[in-house]
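The values are calculated or read from the model by the stated rules, or taken from the named source; none is laboratory data. Fair warning: this is a prediction, and the values are worked out from it, not measured in the lab. Note that we place each Cβ from the backbone using ideal geometry, even for glycine, and neighbour counts take in every protein chain shown.
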Amino acid sequence: MFWRFSCPIGGIAGECSQASPKKFSARNTLHIDQELAPQDLLPAIQRFWALSAKKISSLNQDYDATLGSPVFTVKGRYTTRGWTEWTQGFQFGSEILQFDASGDESFLEMGKKHTVEKMAAHVTHFGVHDHGFNNVSTYGNLLRLMNEGRITEDPWERNFYEMALKASGVVQARRWTNLPGGGYIYTFNGPHSLFADTIRSLRSLAVAHQLGHSMMTESDVEISLLDRLIQHAKTTAEYAVYYGDGRDAYDLWGRTAHESIFNVNDGKYRCPNSQQGFSPFTTWTRGLAWVMVGAAEQLEFLSIVDEAELVPHGGRLAVEGCLLKMAKASCDFYIENSAADGIPYWDTGAPNLHRLGSNYLDRPADPLNDWEPVDSSAAAIGAQGLIRLGRYLQDSDAADSKRYTQAGLTVLRTLLDEPYLSTNEDHQGLALHSIYHRPNDWDHIPSGQRIPSGESSMWGDYHAREVVLLVDRLANDQPYLKFYI
């Protein structure tokens, strides 16, 4: 049974109230292995980290940094793509995660050096909504390792990481559009634009708030970063995610819009949109995956926030209830709309999916088909969301906890093997068959094929490392991997 929390469209922005429970029944096309345990994946995990080390070293040796941040591979070599600078934190964060997993201090020194030399501009980058990607993946991971006692305690080094994270949280929170009763962090498209993926940049606001920081504006008005985090999360839950309540003719439980458009003159919601998906009324699966992991990890964070800090937003039940509804809906949609092995196609409404046959989701995904590409990066991100939601529910809902956890482990098992794990040492990518921007035709199509395949992305590789590290720690009974302090 799923507890539904209504987020009425047309009411106060971000207002979520508890509703009567409704039953929700999904058709699971993802063939969930109910017996799979984290320990069962350890041999594949060890192989993964060995390959990961070689990929990182190859990138450092061969990539021309003067071209900009590496974004995705073309014929197995990392290249850049000018849009916004949102992937460099994944590059250097991967080095830090490699140390975390292996204990090889050469990767720690690599990650520290690159963070100091290259990441300052990202801390003060006012033009993007990606601070949770760039800065928590670098400064945040280093601070986490110091807090865990994995790296030597040093007051100056700690202060350096903390100051960067404080500044990053405020810079991110400054990109703000007010709505009646709420608001959201707007995207590089402008103040009218809310992206589903920005929910993962709430990491930066959470850490900065935990470090005791807030945003000071004109006349010394102090703005709580926690308040902005909660308001953005509620707005995302209300407008970017659908719950089968009849908002439009295509309203399904868990369907996700990549972009939500608002009239900034009066704060009214206007329509869904999509930048990287097929249409406003279909679900771009990487956007779906950002919601899955963003909602789940914010539930983890909010569970340690003092009740008094949640009272202005209706209290713990209202705040966590709204995010739990969003997390469950998005994870259910992923389970129902992924192929049998847990890999999704790039958009659930892509125009040529019907050419794959009526039962294409009932068999493993085919990354080499002639009609529509899969997206392994969505799988890497989504797997983490499933596992985190499962863990969050372990003390309150055993059945759902197991369902989500086992689904996440099943997806990860697929990613840890060919054809998704890149075993060719000449290929700089780690997770194969990632898609960046299908509508813009940015992804490489190999000779003799009709659709993109066989390439990797910096976000896909990083999130593969992140979810593998999460499960690696679970399997070895090590401290739970979390972004917050």
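Would you please name the residue that is farthest from residue 163 (Cα to Cα), looking only at residues in segment 78-129 that are without any contact (Cβ under 8 Å) to a residue 12 or more places away in the chain and charged (D, E, K, R)? Among residues in segment 78-129 that are without any contact (Cβ under 8 Å) to a residue 12 or more places away in the chain and charged (D, E, K, R), the one farthest from residue 163 (Cα to Cα) is 105. If we scan segment 350-357, do we find a residue that is out of contact with any Phe, Trp or Tyr (no Cβ under 8 Å at 6 or more places or on another chain) and of a type outside the set (Phe, Trp, Tyr)? Yes, the conditions are met somewhere in segment 350-357. Could you say which residue among 250, 242 is in contact with a helix residue (DSSP H, G or I) (Cβ under 9 Å, 6 or more places away or on another chain) and hydroxyl-bearing (Ser, Thr, Tyr)? Checking each option against the conditions leaves just 242. Scanning segment 220-258 for residues that are buried (at least 24 other Cβ atoms within 10 Å of the Cβ), of a type in the set (S, T, N, Q) and in a helix (DSSP H, G or I) turns up 235, 236. Scan segment 162-188 for residues that are touching a residue at least 24 places away in the same chain (Cβ under 8 Å), over 24 Å from residue 267 (Cα atoms) and of a type in the set (A, V, I, L, M, F, W, C) and the total you get is 3. Filtering segment 203-219 to residues that are of a type in the set (A, V, I, L, M), part of a helix (DSSP H, G or I) and surrounded by fewer than 20 Cβ atoms within 10 Å (Cβ to Cβ) leaves nothing.
Just one of the listed residues (228, 286, 203) is touching a residue at least 40 places away in the same chain (Cβ under 8 Å), of a type in the set (Lys, Arg) and within 22 Å of residue 335 (Cα to Cα), and it is 286. Restricting 361, 389 to residues that are within 18 Å of the chain's Cα centre (by Cα), outside any loop (DSSP other than H, G, I, E, B), under 20 Å from residue 256 (Cβ atoms) and touching a residue at least 40 places away in the same chain (Cβ under 8 Å) narrows the list to 389.
In segment 275-308, what residues are assigned to a loop (DSSP other than H, G, I, E, B) and touching a Gly at 6+ places or on another chain (Cβ under 8 Å)? 276, 277, 278, 279, 281, 282, 283, listed by residue number.
Here residue 271 does not fit the description of being modelled with pLDDT of 95 or more and crowded, with 18+ Cβ neighbours inside 10 Å. Would you mind stating whether residue 447 is among the polar types (S, T, N, Q), without any contact (Cβ under 8 Å) to a residue 24 or more places away in the chain, farther than 22 Å from residue 258 by Cβ and in a helix (DSSP H, G or I)? Here the answer is no, as residue 447 does not meet what is asked. If you go through segment 170-195 and pick out every residue that is more than 22 Å from residue 212 (Cα to Cα) and loosely packed, with under 14 Cβ neighbours inside 10 Å, you end up with 3. Annotation for segment 339-355: at least one member residue is modelled with pLDDT of 95 or more, among the basic types (Lys, Arg) and closer than 24 Å to residue 439 by Cα.
What is the number of the single condition among (1) touching a strand residue (DSSP E or B) at 6+ places or on another chain (Cβ under 7 Å); (2) over 16 Å from residue 198 (Cα atoms); (3) touching a residue at least 12 places away in the same chain (Cβ under 8 Å) that residue 271 does not meet? Single failed check for residue 271: (3). Among the residues of segment 74-82, are any at negative phi and surrounded by 24 or more Cβ atoms within 10 Å (Cβ to Cβ)? Checked against the condition, which is being at negative phi and surrounded by 24 or more Cβ atoms within 10 Å (Cβ to Cβ), segment 74-82 yields at least one hit.
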